[in-house]
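> I'd like to ask you about the structure that follows.
The values are calculated or read from the model by the stated rules, or taken from the named source; none is laboratory data. Given the structure is predicted, the values throughout are model-derived calculations rather than measurements. No Cβ is skipped: glycine too gets one built from the backbone with ideal geometry, and neighbour counts run over all protein chains shown.
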Amino acid sequence: MTVDVLMPCFALVVIGLTGWMIVKRYQTAMVLLMAGLSMIIFAVVCGVTGFLPKGMKSSGLIWFDVIDLLRSIAVKQVSGIGLLIMVAGGFAAYMDRIGAARALVNVCITPLKSLSSPYLIMVFGYLIGQMLCMVIPSAAGLAMLLLVALYPILVGVGVSPVASAAVIVTCSGMAMGPGSGTSNLAARVAGIDPIIYFVQCQLPVVIPSLVVIAVCHYFVQRYYDRRNDDVYTEENIKNTVEQRSVPVWYALLPPLPIALMIIFSPLTFSSIRLNTISALLLVWIAVVVLEMIRRREVKEVLKDGSCVFKSMGSMFTSIVALIICAEFFANGLKITGLIDALIVHAQNLGLGLNGMTVVLTGVVGIVSVLTGSGVGAFSSFAALAPDVASGLGGSAASFVNPMQLSCGIMRSISPVAGAMIAMAGAVGVTPVALIRRTFIPMMAGFVAVLLFNFLFIG
């Protein structure tokens, strides 16, 4: 067996072991880091030398170069997509801290009370919840807000507790918009500005896919409610977190950065650009000043404002570190020659770009189900998109878009996802009982995403 064959085979073994360890709930970032390191070391032992990125100088000792590669990836990610994700997470935490997120949810949910059909209310509740996901990107956080605001409305009009919980779980299925960590990562991989990626790549696929999921929810939840064979305990839903009283117009604050980014972008004003980080920081500082004027409690307002930095640290440990390790892992796959081998075999099998898109989207979806983490699944494979897409003669955007969307969709049928466990516990059922209700809508959404991506993105 030649070295050119041995290295990709070794990479496949490492991938299998990595997948097993992630499913067994080993720490994902460290698993990816050690997997990438083992592949690069094996490649070096096999005689590979030129693995540093273009323009990066060697340290003079190849073993130092391996670590320097990790340093280079960390610097690039922390100063780029990593900073964006940390700031977005910090902003979302601040909006929740001051009560603006709750105000937005209440304003959006209130019109549902005027509708007469229980399951029509449920469908619109799902669509509203999915829109809220753009400004409340935490799946578990959004679920808890909707548990207090939407759940009582649905149960009150006659939708069963289990159906209501199932719909709420899926409201974060489409992780979209510049506030989402995976969306920002996908935009970076595709080489597109996040707001342009959102408008031109995500929306054409997401909008019809949401219609498909909503229709499925209508029939699936009504069917199971009529069977009435769910067993659940008396729900005990309490709002344990003290909610600060804020003006209704605070509901405008969470989506304000997105609105500003759309206004000051090539979509409207080509002469003025406002990037995602600047928009988030601008609104954050403006709201802190606004809070000082409104509340006149400078010490407390500044304390609330500082939660942005605390949340940024939390986002680094949970997401940014994962992205760094995932790219290091992806570099290991490339250095061993596995990516080139996959491209050649895909071409020989006649798969083409669409075929490989289906395969890798399916892999990302399966990993999301097994791990309960859409971020971990997508981060592990996102960095492969540009090389595979260019090797098969397509765009990275068309390749990465369904991968990114599928990770949230498939997380909604995972028994170990945080939002699934939280909602199941809140209404007194097992996660499996909720999955029975989410499986068909989410699988329909998965197929719809692939179909509409092929139709509208390429």
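> Being over 16 Å from LEU282 (Cβ atoms) and assigned to a helix (DSSP H, G or I) is the filter here, so list the residues in the stretch 87-107 that pass it.
GLY89, ALA93, ASP96, ARG97, ALA101, ARG102, ALA103, LEU104, VAL105, ASN106, VAL107
> Continuing with this model, one more query. Pull out all pairs, ordered by first then second residue, where Cβ-Cβ is under 6 Å, the residues are six or more apart or on different chains, the first lies in the stretch 128-152 and is under 18 Å from ILE213 (Cα atoms), and the second is polar (S, T, N, Q) and surrounded by 21 or more Cβ atoms within 10 Å (Cβ to Cβ).
That search, which allows pairs on different chains as well, returns CYS133/SER172; ALA139/SER172.
> Related question: Looking at GLY394, GLY458, GLY418, which is the one that is at positive phi and surrounded by fewer than 22 Cβ atoms within 10 Å (Cβ to Cβ)? Spell out how you get there, then give the answer.
Working: GLY394 fails: at positive phi; GLY418 fails: at positive phi.
None of the other options fit; the residue is GLY458.
> From the list ALA140, ALA166, pick out the single residue that is over 22 Å from ILE324 (Cβ atoms), surrounded by fewer than 23 Cβ atoms within 10 Å (Cβ to Cβ) and in contact with a helix residue (DSSP H, G or I) (Cβ under 7 Å, 6 or more places away or on another chain). Walk me through it before giving the result.
On the way: ALA166 fails: surrounded by fewer than 23 Cβ atoms within 10 Å (Cβ to Cβ).
After applying the criteria, what remains is ALA140.
> Quickly run through the stretch 261-291 and pick out the residues that are outside any loop (DSSP other than H, G, I, E, B) and over 22 Å from the mean Cα position of the chain (by Cα).
Applying the first criterion (outside any loop (DSSP other than H, G, I, E, B)) to the stretch 261-291 yields 261-263, 276-291.
Within the stretch 261-291, ILE263, LEU282, VAL283, TRP284, ILE285, ALA286, VAL287, VAL288, VAL289, LEU290, GLU291 meet the criteria.
> Here is a further query. Of the conditions (1) more than 30 Å from GLU291 (Cα to Cα); (2) modelled with pLDDT under 90, VAL123 clears all except one; give me its number.
(2)
> Can I ask one more? Could you name every one of the helices (runs of 4 or more DSSP H) located completely within the stretch 386-458 that has at least 2 residues being over 29 Å from CYS201 (Cβ atoms), more than 21 Å from the chain's Cα centre (by Cα) and modelled with pLDDT under 95?
Numbers: elements: 396-411, 418-427, 431-456.
Qualifying helices (runs of 4 or more DSSP H): 418-427, 431-456.
> A follow-up question, please. Do we have any residue at all in the stretch 265-277 that's among the small types (Gly, Ala, Ser), modelled with pLDDT of 90 or more and either surrounded by 15 or more Cβ atoms within 10 Å (Cβ to Cβ) or touching a Phe, Trp or Tyr at 6+ places or on another chain (Cβ under 6 Å) (or both)? Before you say what the answer is, go through the steps one by one.
Step one: list which residues in the stretch 265-277 are among the small types (Gly, Ala, Ser), which gives 265, 270-271.
Pick out the ones that are also modelled with pLDDT of 90 or more and you get none.
No.
> Same structure, new question: Pairs please, first residue from the stretch 27-41 and within 15 Å of GLY16 (Cβ to Cβ) and in contact (Cβ under 8 Å) with a residue 60 or more places away in the chain, second anywhere and of a type outside the set (Asp, Glu) and not in a helix (DSSP H, G or I), Cβ atoms under 9 Å, 6+ apart in sequence or on different chains.
Pairs found: MET39/THR336.
> What are the residues in the stretch 72-88 that are out of contact with any helix residue (DSSP H, G or I) (no Cβ under 9 Å at 6 or more places or on another chain) and surrounded by 12 or more Cβ atoms within 10 Å (Cβ to Cβ), if any?
Here is the first cut: in the stretch 72-88, the ones out of contact with any helix residue (DSSP H, G or I) (no Cβ under 9 Å at 6 or more places or on another chain) are 72, 75, 79.
Those that are out of contact with any helix residue (DSSP H, G or I) (no Cβ under 9 Å at 6 or more places or on another chain) and surrounded by 12 or more Cβ atoms within 10 Å (Cβ to Cβ): SER72, VAL75.
> Name the residue that is modelled with the lowest pLDDT, counting only residues in the stretch 305-340 that are buried (at least 18 other Cβ atoms within 10 Å of the Cβ) and closer than 17 Å to GLY99 by Cβ.
At the first step, the residues of the stretch 305-340 found to be buried (at least 18 other Cβ atoms within 10 Å of the Cβ) are 305, 308, 311-312, 315-316, 319-339.
Those left that are additionally closer than 17 Å to GLY99 by Cβ: 305, 308, 311.
On the way: GLY305: 93, VAL308: 92, SER311: 89.
So, considering only residues that are buried (at least 18 other Cβ atoms within 10 Å of the Cβ) and closer than 17 Å to GLY99 by Cβ, the one modelled with the lowest pLDDT is SER311.
> Residue by residue through the stretch 189-207, note down the ones that are hydrophobic (A, V, I, L, M, F, W, C) and assigned to a helix (DSSP H, G or I). Steps first, answer last, please.
Initial filter on the stretch 189-207 (hydrophobic (A, V, I, L, M, F, W, C)): 189-190, 192, 195-196, 198-199, 201, 203, 205-207.
Of everything in the stretch 189-207, those that are hydrophobic (A, V, I, L, M, F, W, C) and assigned to a helix (DSSP H, G or I) turn out to be VAL189, ALA190, ILE195, ILE196, PHE198, VAL199, CYS201, LEU203, VAL205, VAL206, ILE207.
> Can you name every residue in the stretch 12-70 that is of a type in the set (D, E, K, R) and either surrounded by fewer than 12 Cβ atoms within 10 Å (Cβ to Cβ) or in a loop (DSSP other than H, G, I, E, B) (or both)? Talk me through it step by step, then tell me what you get.
Filtering the stretch 12-70 for residues of a type in the set (D, E, K, R) gives 24-25, 54, 57, 65, 68.
Within the stretch 12-70, LYS24, ARG25, LYS54, LYS57 qualify.
> Please go through (1) surrounded by fewer than 24 Cβ atoms within 10 Å (Cβ to Cβ); (2) closer than 26 Å to LEU290 by Cβ for PHE91 and return the number of the only condition it doesn't satisfy.
That leaves (1) as the condition not met.
> Related question: Among (1) among the aliphatic types (A, V, I, L, M); (2) surrounded by fewer than 23 Cβ atoms within 10 Å (Cβ to Cβ); (3) closer than 20 Å to ASN184 by Cα, where does ILE440 come up short?
Evaluating ILE440 over (1) among the aliphatic types (A, V, I, L, M); (2) surrounded by fewer than 23 Cβ atoms within 10 Å (Cβ to Cβ); (3) closer than 20 Å to ASN184 by Cα leaves (3) as the failure.
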